[in-house]
Amino acid sequence: MSTARDILQHVFGYPAFRGRQEEIIGHIVAGGDALVLMPTGGGKSLCFQIPALLRRGVAIVVSPLIALMQDQVDMLTQLGIRAALLNSTVDREVARATEQRLFADEIDLLYVAPERLMTDRFLALLDGLAEGGRLALFAIDEAHCVSQWGHDFRPEYLQLSAIHQRHPNVPRIALTATADEATQKEMIERLGLMKARVFISSFDRPNIRYSVVEKERPRRQLLDFLASRQGESGIVYCLSRKKVEETAQWLNTQGYTALPYHAGLDAATRGAHQRRFLREDGLIMTATIAFGMGIDKPDVRFVAHLDLPKSLEAYYQETGRAGRDGEPAEAWMTYGLQDVALQRARIEESNASEEQKRLENQKLSALLGYAESARCRRVVLLNYFGEESQPCMNCDACLNPPQSWDGTVAAQKALSTVFRTGQRFGVHHLIDVLTGKENPKTRDYAHQRLSTWGIGADIAASDWRDIFRQLVAAGFLHVDMAAYGALKLTAAARPLLKGEQRIELRRRSATAVISAKAGRTREKARCAADLDPLAQTLFERLRQWRLEAAKEQGVPAYVIFDNKTLKAIAAHRPQTLDELLAIHGVGEAKRERYGKDILTLIAVS
């Protein structure tokens, strides 16, 4: 009888389990329910795929990602696992044939969309499978979609608790890569997982380098970031559909291959762009948050944010799409005062309840705290998810520690200027008053007569912008979008103005870009050192062979082998099929299917 370790090694080609995978699998195989929180790239899928092969019957995998189900099924099929899908893209004849295979015990895993799962026809099909003891387990992927206050809410997920009521003896496993404490509680309550064991793995993605820069000339800053990343796959997130389109067009004029993705595009265009991103190397997807959940492409080398996400939870999930293969990757973000104002305005103008608005404002404040922190980015990020850590030496704050200074007096000058100008003006006008720079508006309002006129002339205008941004982020000022971006004092500003409170501010770092580029150079040198010249040549030939095989089969290249496996083959140069089986990521099915081709490539290289 096969064990979990047998399947791990012979089917998936992995030598050992990671983290709590083995414990989770054992719990599910024994019939228990589980809620699993594990970072992207941490191996969540194995936690239900291996139990599906160990328990009798079929595992029903609920996924909201219709466009990606086929890729997931293709990956399993490559491993020799009998997998299928049922969603709106499947025609009636194929669906009927799939149902027949279910009752013939010819399917190990069935991927199904939640709206399909809850139809009367499919529920009756499940009843028939259960009567014959043919239901192995239910896996609810991307379980955070059940959160009505989350960034990926799917109404259909609210009905999934009915599965347990109908089949109480079939084990369930709900999985997500992203969930703060409030979202965890909501998942447990709405999915009826009160008796489930909760498995929380470390949220740390040590291979990702985090950096945040003050927004000045965002396109120029993005070009600087991309300068050493030509030919790499990445995602650039923007807040609006218009900005997504414009950024993609502009990147193409700068020598990059970029495609837009947002909910305003028709389904055919979105699908075509997504397939190109998954199948081609070196393509940049510019996108809104509509793109990304469930993207399994392992070699995404960077995720860039040109606008502020809505929460640290959203930021963590979006940046987590980089470096799923464990190789070095980067999460880069630029943000400014306008980003904060737009996100606050979005919350206030929404139809959400006051309680939800309060929660979203708290989440945004946590994100601003991360962006403005002088501490290690990773420490701040992991602490948000309740995890303690040490400085990582792989973020901008560690590689180029920002200086802090006592900004109390400067903050008082800024707040006083806001008050004395009537809380009616935006940051540019306020800086003109502080620095004593005349313009038509200051003359019209006679602001030269104010006691605050010119009291900040010793501080550069660019530094005043940093100060105002940090005061907004810290909650001392509020940007009123209804008043054309006017800054207004909050209740928290009073003790600071009265001298009852002090404030430390971050000082602008002039060497941040240089440090990031230097780190990138070191990183590239380290990656290049992984393979000697002979192995590097073999690696490139293996990549070309993989690309041709993927095109012939109509699947993404990583479905055949990821770069990590190809690098291991190039480095170790196995001479027999048994030696090939010892390579990470080579299971028996892939050895039988591709082994002779690979050994031939090695022999002639």
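Points worth noting:
- Elements of the type strands (runs of 3 or more DSSP E) sitting completely within the range 3-119 and holding at least 2 residues that are free of Cβ contacts under 8 Å to residues at least 40 places away in the same chain, among the small types (G, A, S) and in contact with a strand residue (DSSP E or B) (Cβ under 7 Å, 6 or more places away or on another chain): these cover 83-86.
- Top-ranked residue in the range 382-441 [being in contact (Cβ under 8 Å) with a residue 60 or more places away in the chain and hydroxyl-bearing (S, T, Y); ranked as farthest from E372 (Cα to Cα)]: S416
- Residues that are of a type in the set (K, R) and either farther than 24 Å from E313 by Cα or at pLDDT 95 or above (or both) within the range 186-239 comprise K195, R197, R209, R217, R219, R220, R229, listed in sequence order.
- Once the range 477-491 is narrowed to residues that are in a loop (DSSP other than H, G, I, E, B) and closer than 16 Å to F425 by Cα, the residue that is modelled with the highest pLDDT is T490.
- Screening the range 79-121 for residues that are more than 30 Å from G595 (Cα to Cα) and among the β-branched types (V, I, T) and picking the one that is surrounded by the most Cβ atoms within 10 Å (Cβ to Cβ) gives V112.
- Scanning the range 176-199 for residues that are out of contact with any helix residue (DSSP H, G or I) (no Cβ under 8 Å at 6 or more places or on another chain) and in contact (Cβ under 8 Å) with a residue 12 or more places away in the chain yields a count of 4.
Residue-by-condition table, conditions (1) buried (at least 16 other Cβ atoms within 10 Å of the Cβ); (2) in a helix (DSSP H, G or I); (3) assigned by TED's automatic domain parsing to the domain that holds L487:
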residue	(1), (2), (3)
L434	yes, yes, yes
K441	no, yes, yes
Q448	no, yes, yes
S451	no, no, yes
G456	yes, no, yes
S462	no, yes, yes
D466	yes, yes, yes
Q470	yes, yes, yes
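- Listing of helices (runs of 4 or more DSSP H) fully contained in the range 502-605 that carry 2 or more residues being surrounded by 13 or more Cβ atoms within 10 Å (Cβ to Cβ), modelled with pLDDT of 95 or more and hydrophobic (A, V, I, L, M, F, W, C): 533-553, 563-572, 577-581, 588-603
The values are calculated or read from the model by the stated rules, or taken from the named source; none is laboratory data. Everything numeric here is computed off the predicted structure, so don't read it as measured data. Because the Cβ atoms are built from the backbone with ideal geometry, glycine has one as well, and the counts that use them run over all protein chains shown.
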